[in-house]
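Inspection log for the structure reproduced underneath, given as C-alpha cells.
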Amino acid sequence: MTQDTVRPDGTLPPPAPTDGWSLVLPLKPLGLAKSRLAPFAGPHRADLALSFALDTVAAALACPGVSRVLVVTGDRLAGRRLAALGAVVVADEPGGGLNAALAHGAAYARRIGPDAPLAALSADLPALRPAELARVLGAVPTGGRAFLADSPGVGTTLLACAPGAQLAPAFGGGSRARHAAGGAHEITLPDVPSVRRDVDTGEDFVQALALGVGPYTAAAAAALV
C-alpha cells in the first residue's frame, strides 16, 4: 500500500478501498525525540528514534487488516522517510504535545476513512511483529475503546476505538491507569511482547534487541558498537 504525504493544498489522499484499521503514530522532531536514550546512544540518539519509527511503520503496514498508517510529525526528514515506506504523513499542526498530535491525526484519519476502526500506536516499537499486532487489533471489542499496556504495565502502547467512537488519548506517564479510568477496556492477551515493548531507555532497547528488531533498528544498533 502506498499513500502520499499531505498535499500542500490541503487536499486529502484518496480513500483506501477497504475499511480496515487506520493507525495513527506520533513522532517528535528527531532532535528532541528519545531524550532518555542519550546516556546510552549519545550522538546516535536521533538515528535510533528514526529507525524505531521506520520499523514500527513498516511492520504496521504489513499487518493484516490495516488499511493505512498515519504519522503525525513536524520533522521533515522523518516525514520523507516514512512517506517512502507508505505512511500518510500529517503535519503536527497543533504543536500541543503528544495527545494533541494524536487527536489531530485521529481527526484526519476519520476524514480519510470515516467507517474505519482507529488506533493510536507508539512509534517506538522496533521489534513489532505484524502478526502480534493483528492479534491485538482482533481483540478490540466491536464498540467503545480498548488499550494495551506497555511491558512495565504502567504506560500504553496502543489505544483503539470503534468507528464513530472518540479516541480520547491520554498518553504519557501512568497512561494505563488513565485509559482504564476513562472507560477503555484493557486488552490482556498473552504472547504479544513486540506490541508492548516500547523503547525509552537503554535497558528497554536491550530488551527489544533480545526480541529481535527490524532492519532499520538493527542497522542503527550496529553503529553503536
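Every number in this text was worked out from the coordinates using simple rules, so none of it is lab data. Being a predicted model, the structure only gives us computed values, none of them experimental. We place every Cβ from the backbone using ideal geometry, glycine too, and count neighbours over all the protein chains shown.
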Quick one: if you stick a label point 7 Å off each Cα along the C-beta vector at Thr188 and Val206, how many nm between them?
3.1
For the chain: relative contact order, % (alpha-carbon pairs under 8 angstrom, 6 or more apart):
24
The summed charge of the Val195 Cβ neighbourhood (under 15 Å; Lys/Arg +1, Asp/Glu -1) stands at -3
Once both label points are put 7 Å beyond Cα along the C-beta direction, the Ala165-Leu77 separation in nm becomes 3.9
Is the stretch 63-117 rounded, prolate or oblate when judged by the Cα gyration tensor, a ≥ b ≥ c being the square roots of its eigenvalues, rounded requiring a/c under 1.5 and prolate requiring a/b larger than b/c?
oblate
State whether the stretch 72-172 is rounded, prolate or oblate according to the following rule on the C-alpha gyration tensor (a ≥ b ≥ c being the square roots of its eigenvalues): a/c under 1.5 gives rounded; otherwise a/b larger than b/c gives prolate, and the remaining case gives oblate.
rounded
Highest GNM mean-square fluctuation among Ser22, Ser194, Ser35, for the chain with Cα springs under 10 Å, belongs to Ser35
Hey, in the GNM for the chain with a 10 angstrom Cα cutoff, which one of Leu25, Leu189, Leu54 fluctuates hardest?
Leu189
Around Ala165: net Lys/Arg minus Asp/Glu count, Cβ-Cβ under 15 Å:
0
Calculated [θ] (222 nm, deg cm²/dmol) that DSSP helices of n ≥ 4 give over the chain, each run adding -39,500 (n - 2.57):
-10500 deg cm²/dmol
Within the under-15-Å Cβ sphere about Gly74, not counting Gly74, Lys/Arg +1 and Asp/Glu -1 give a net charge of +1
